[in-house]
Structure formats: C-alpha cells, structure tokens
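Please read the structure below before turning to the comments.
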Amino acid sequence: IEGLRLTFSVEAEPRGTAGALRAAEPWWGEQNLVLNGDTEIAFDLAGFYAHHRNWEADVTVGLAVVDDAARFGRASVAGDGRLLAFSEKDDRHTGGLVNAGVYLCSRRALSLIPATGYASIERDWLPLLLERGLAVYAIEVATHFTDIGTPEDYWRLANQG
C-alpha cells in the first residue's frame, strides 16, 4: 500500500493488550485505529469512522455477532450505543455480541493507560474509561469475523484457502 509505514516493537516482558498500546505512545495521533492481531475481520472502516465522529467518542469499539460467545465474553451496549461493559467468558454456549478487536481511540483516552506494567484493554483500560465518564461507544461492524487466537482456529482458517 503506497505510503504505508509499519513500526514493530518487541516487548521485553508481556504488557497486555493495553500495555502494548501505551508502548506505542510515540506514534499516537489525535485519532488512532487499533486492530487486534489475532482476528481476521472484514468491516466498513468509513462507516465505523462516521459513527465515531457522530458520537464525538473518545473510543469506539467494533463488535461482531457470533453463534457461540462463551469463549469471548459478551459486550453490553445501551440503547444509545454507549458501551456498558464486557462480561467475562462463561460456559453459556449461546450467541452474542463480542469484541471484534477494532477500536478508534483518541489520544486523550490512550493517555489513561498506565505507563508501566501489565494492562488489558477489556479488563483494565475500557472499565477505567467508563469509570471516568469518557465517551465510549460500541457498534456492530463485522461483516466477517474469525478469531485466530488459538492454534486450532488459525489452522482452520489457513486450510480454507
């Protein structure tokens, strides 16, 4: 892709999903698109960005509908689109809305990630933003979503082609 620049960093010790974002602070812009590396997803980026702007959100989280949300944890969203919470993984093998690993984040929201130590996006950072009253919204975005966070799922996707 013309003009695309990628920068990689290797953690000396695991810092968690939010900790890794904090380590990328030198490259933050005013708005930042963050994508999980263990999902294969198709979504409408322009529509996602439009919702983020319309809500004047500090963070917008992209969600996917899955048939079995047990291993992901579920997203709770208010009628106005505000993210309420992510529940922990459970053994209810029913469908639901899950985190698709797609985020638009303001510099202000990212700056609340602890500067050192381990931090999770879902368990530490997003709850902190909600507690502090930042505008955190969520919207279903995925037209296709495959988690490849386990070897079995990775090989299942790799062998489809």
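The values are calculated or read from the model by the stated rules, or taken from the named source; none is laboratory data. Just so we're clear, the structure is a prediction, and the values are computed from it rather than from any experiment. Don't worry about glycine lacking a Cβ; one is built from the backbone with ideal geometry, like all the others, and counts go over all protein chains shown. Just the protein is used for accessible areas: all its heavy atoms, side chains included, with ligands, DNA and RNA removed. Shrake-Rupley method; radii C 1.70, N 1.55, O 1.52, S 1.80 Å.
Just one of the listed residues (Glu56, Glu30, Glu40, Glu13) is under 17 Å from Ser120 (Cα atoms), open to solvent by 30 Å² or more (accessible area, probe 1.4 Å) and charged (D, E, K, R), namely Glu13.
Take the conditions of a type outside the set (Ser, Thr, Tyr) and farther than 21 Å from Ala42 by Cα and apply them to Arg156. Does it pass? Break it down into steps so the answer makes sense when it comes.
On the way: of a type outside the set (Ser, Thr, Tyr): yes; farther than 21 Å from Ala42 by Cα: no.
When the stated conditions are applied, Arg156 does not pass them.
The numbered conditions (1) open to solvent by 50 Å² or more (accessible area, probe 1.4 Å); (2) under 17 Å from Asn36 (Cα atoms) are all true for Gly79 except (2). Pairing each residue of the stretch 3-18 that is in contact (Cβ under 8 Å) with a residue 24 or more places away in the chain and part of a loop (DSSP other than H, G, I, E, B) with any residue that is among the aromatic types (Phe, Trp, Tyr) and open to solvent by 90 Å² or more (accessible area, probe 1.4 Å), provided the two are 6+ apart or on different chains, yields C-beta distances under 7 Å for Pro14/Tyr118; Arg15/Tyr118. Evaluate the following for Arg74: is it modelled with pLDDT under 95, over 25 Å from Glu11 (Cβ atoms) and in contact with a Ser or Thr (Cβ under 6 Å, 6 or more places away or on another chain)? So Arg74 passes the test.
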